[in-house]
1. Could you tell me the convex hull volume per residue, in Å³, taken over the Cα atoms of the stretch 304-395?
2. How much of the accessible area of the stretch 349-432, in percent, comes from carbon and sulfur atoms when a 1.4 Å probe is used?
3. Just by accessible area at a 1.4 angstrom probe, what is the order of R67, R203 from largest to smallest?
4. Let me understand the stretch 418-521 better: what is its radius of gyration from the alpha carbons, and its Dmax, in angstrom?
5. I'd like the Karplus ³J(HN,Hα) series for the stretch 264-270: coefficients 6.51, -1.76, 1.60, θ = phi - 60°, whole numbers in Hz, and an x wherever there's a Gly or Pro.
6. When only Cα pairs under 8 Å and 6 or more residues apart are kept, what is the percent relative contact order across the stretch 402-524?
7. For the stretch 439-494, state what percent of all Cα-Cα pairs lands in each successive 5 Å bin, counting from 0 Å until the bin that includes the largest distance.
8. For the stretch 183-257, what does the accessible surface come to per residue with a 1.4 Å probe? Please give it in Å².
Amino acid sequence: MNEQPKQSRPGIPVWVWIIGILAIILGMQLWLSGRFQGPEQVSLPEAMNLIATGKVDTVNVTGDQIRLMMKNGTEVATTLDPGGSLDGTLSYFGVTQQVLADNNVTLIVVDRSTWNNLFNLAMIIGPLLLLIWFFSRGFRQSQGGGGNNIFGFGRSRAKNLNDAERPTVTFGDVAGADEAKLELVEVIKFLREPESFIQVGARIPKGVLMVGPPGTGKTLLARAVAGEAGVPFFHISGSEFVEMFVGVGASRVRDLFDKAKQVAPSIVFVDEIDAVGRQRGAGLGGGNDEREQTLNQILVEMDGFDNQTNIIVIAATNRADILDPALLRPGRFDRKVFVDLPDLTGREAILNVHARGKPIAPEVSFSDLARLTAGFSGADLANLINEAAIFTARRNKKTLGLLEFQDAFDRVVMGPERKSRVMSEDDKKTVAYHEAGHAVVSFNLVYTDPVQKITIVPRGRAGGYVMPLPEDRMVHSREFLEDQITMALGGRASEEVFFGRITTGASNDLQQATRLARAMVTQYGMSASLGLPTYGSQRNNPFLGQEWGLGGDRDYSEDAAQTIDTEIRRILQRNYERALAIIRKNRESLVALANTLLDVETLDRETFERLMNEPPPLPEATA
């Protein structure tokens with residue numbers, strides 16, 4: 001059996017020690033000063049008068065505190081004058097030893113001078129010793145490499161994973177990114193067997209940059225590298241380098257690479273490197289910007305004057321377009337691994353990986369589910385299976401069935417079902433005809449995907465939706481884009497044909513259609529009037545937050561802008577006329593579909609296609 005690593009108990013925080021020591025000192029002071037005593041306080045003349053009149057049984061003197069035990073059982077207390085002595089005070093008030101003896105008063109004197117001296121010495125030396133202990137403890141922690149204390153600002157927070165801390169994820173747990181896995185497996189081989197590459201004159205790459213949309217598995221690949229690597233593995237986030245103090249980020253970079261050099265060959269993984277690797281010269285601080293100083297130090301460490309280090313840096317980002325060019329040149333990040341959204345085969349493999357250990361019903365087909373989830377990332381697919389498991393537990397079932405996956409898909413894509421939303425009959429009818437318009441138009445077009453599901457159950461912000469079954473496409477033709485615009489406008493066209501009015505339900509459809517039409521005109525050269533040139537900057541400005549055609553970042557004239565607007569309107573109007581024509585031609589089929597939706601609210605692909613292929617009812621014969 002493998003022994004579990006011993007976990008050290010967390011130490012007592014420093015502030016607890018400080019408060020405890022101060023409480024002890026304060027308690028000693030209160031105790032020695034007699035403030036915890038409860039007798040009634042009287043003035044010194046009154047106390048002397050009580051002694052002289054024979055009302056006192058015992059006088060107890062401790063330092064400057066005098067306690068009088070009365071013959072009637074009560075007790076009072078008083079205090080000597082500062083600097084005064086007991087004998088002098090008694091004589092001053094006419095209380096002599098004879099007076100005490102005549103009244104049978106017992107005098108008890110306790111010498112507290114030694115305690116006073118010790119207490120005063122403790123009050124002076126105690127706080128000084130406390131400060132010395134506090135600072136020495138902080139310096140010991142900083143020498144130990146910890147970056148979480150006030151003395152460890154310049155220490156790197158990267159953690160070197162040992163065998164007990166390494167993730168259990170391996171390359172067998174990563175699916176849908178076969179090309180990226182091959183690149184990273186080769187990197188590990190570089191470090192394990194460098195001789196085979198050196199013999200043929202090959203140079204070990206300095207860095208590998210993983211680029212891809214969020215959720216595609218970049219960090220998961222790094223965890224797999226950590227699980228597979230037989231060399232020290234350091235991991236850190238890009239945001240952990242930069243602090244508000246100038247020079248801290250550069251110091252942490254130096255400390256990180258110093259640690260990696262001591263155990264080389266090694267791997268350093270920097271997650272979200274765009275937090276520190278943005279293009280220089282755009283910050284408010286100019287050349288003195290802390291982030292830019294940190295980036296400069298990274299550039300020097302990766303390929304500076306001393307470039308003989310056997311360290312490979314792996315970084316991940318989804319914003320490669322904003323990284324500094326010096327970071328991307330050969331000699332720093334020699335390799336760029338693109339981790340894109342998975343294709344059909346990759347999605348099916350990812351679903352199988354995340355389904356391990358879960359009871360999946362036999363009727364669930366991951367190949368069909370992979371077709372339905374075109375455009376999903378690995379994180380989306382993991383969330384889909386998790387939501388299906390939640391639905392299964394909520395319904396007290398033992399296996400994840402097809403219904404649970406369908407409900408999970410609807411929840412992930414459209415949001416939770418809004419059962420509490422009560423729709424009027426008019427609104428429900430409008431939604432039914434709107435969604436039926438989308439479906440009928442899509443069924444009668446050539447380049448649209450088949451309709452998988454139609455529903456008028458409200459989810460998220462949508463009153464209903466039509467779900468297509470998309471196919472993976474690398475390129476899109478002009479005819480495909482035109483058909484997509486026509487389908488998007490089918491709902492509005494249906495409202496106009498059957499109700500003679502339009503509603504706000506088509507707002508999202510209009511946005512989607514306009515976006516496609518603008519892309520056709522400005523990006524894809526599909527406009528006869530504007531021809532082949534592209535219009536507008538196609539890169540995002542990370543500081544202005546503007547994209548092409550959406551702000552003041554235009555690189556074309558006002559005449560071109562007017563022509564672009566005219567072309568967009570012409571494309572939208574032409575395809576809207578197509579949608580109107582299809583709906584008028586298939587009026588009976590659309591009415592039958594809408595009525596069915598009003599009855600059952602949700603239709604699957606088989607039922608929808610059967611309705612579309614049925615011949616329309618014959619008109620009733622007149623007598």
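The values are calculated or read from the model by the stated rules, or taken from the named source; none is laboratory data. Only a predicted model underlies this, so the values are computations on that prediction, with no experimental measurement involved. These accessible areas exclude ligands, DNA and RNA; they are computed on the full protein's heavy atoms, side chains included. Shrake-Rupley method; radii C 1.70, N 1.55, O 1.52, S 1.80 Å.
1. Convex hull of Cα atoms, per residue: 152 Å³.
2. The nonpolar share, carbon plus sulfur, comes to 49 percent.
3. The most accessible residue leads, giving R203, R67.
4. 14.2, 43
5. Per-residue couplings from phi come out as 4, x, 8, 10, 10, 10, 10 Hz.
6. Contact order relative to length: 24 percent.
7. Reading upward from the zero bin: 4, 18, 25, 26, 16, 8, 3.
8. 42 Å²
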